[in-house]
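Working notes, beginning with the structure itself.
Any read-out appearing in this document is the output of simple, stated calculations on the displayed coordinates, not a laboratory observation. Just so we're clear, the structure is a prediction, and the values are computed from it rather than from any experiment. Glycine also receives a Cβ, built like all others from the backbone with ideal geometry; neighbour counts cover every protein chain displayed.
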Amino acid sequence: MITAQLVKELRDRTGISMMDCKSALTETDGDIEKAIEVLRKKSVLKAEKKSGRETNEGAMVVGASADGKFLVEVDTETDFAAKDADFQVFLKDLADFCSSNNPNDVEHLNELFKDSLLGIIQKIGENIKISHYSKVSSEGGFVFSYVHTDNKLAALVKLDSDNEELGRDIAMQIAANNPLALSVDDIDPTIIDKEKEIALATLEGENKPDDIKEKIVMGKIAKFQKENSLLEQPFIKNPDQKIKELLGDASILGFARKKVGE
């Protein structure tokens, strides 16, 4: 006989709906361990069916390991799911797991955390994906983080100085202004070439000498480079001060940024 107490026990152990728990227990003649196996198999099938659905919402996870800090993006179908209490527990478990297990990359993380991912998909009933994992090593420096209040945007920065306030301010700057590189010279030349093409295209219909057009293009490129170089950006808390001035004697050794859906 499948009792309410047995169903509740399976529900408490798996977090899966009472109806699915009762069905699994009925299928296994009340054997709770076999019922868990049945539920896991069904979770895989349901997850595969949901895997084609778009995931445009989600949350960022930031955590620390013994040798640095990491960013993880977990995508959901709806914002409602991203705020679900079970999903929040899943995010905490994911952060703890990454802290202890130090995955190599997002594929490795998905492989290691597969069962837990299937479990939360089963609980919430949406397609959920771990879509990004990156890490900034603390070797030779100090790593600081910033997470926006909506948990959809996060950044890491590595400094050669153990200054928590400065580190958080620069991580916030990175999150808000999304620099392409640390300095003007570090911006990918292919990006600069594309910007030149765009700038030239905007001048095609104008009756200006070529040398004037060239000056206009170079001016636009110089502006683009400064806007997208972290060191040259105005500090968001004090636009009269550039990041390179805010740093003082400190140096930025690396950074990372991620926003849900980007």
Exercise for review: Kindly indicate which of K208, K223, K244 is among the basic types (K, R) and part of a loop (DSSP other than H, G, I, E, B).
Suggested key: K208
Practice item. Please work out which residue is surrounded by the most Cβ atoms within 10 Å (Cβ to Cβ), limiting yourself to the range 183-205 and to residues that are assigned to a loop (DSSP other than H, G, I, E, B) and touching a residue at least 24 places away in the same chain (Cβ under 8 Å). Key: I187
Exercise for review: Run Q88 past the list (1) free of Cβ contacts under 8 Å to residues at least 40 places away in the same chain; (2) of a type outside the set (S, T, Y); (3) in contact with a Phe, Trp or Tyr (Cβ under 9 Å, 6 or more places away or on another chain) and report the number of the one that doesn't hold.
Suggested key: (3)
Practice item. Answer yes if at least one residue in the range 149-157 is in contact with a Phe, Trp or Tyr (Cβ under 8 Å, 6 or more places away or on another chain), in a strand (DSSP E or B) and within 20 Å of V89 (Cβ to Cβ), and no otherwise. Key: yes
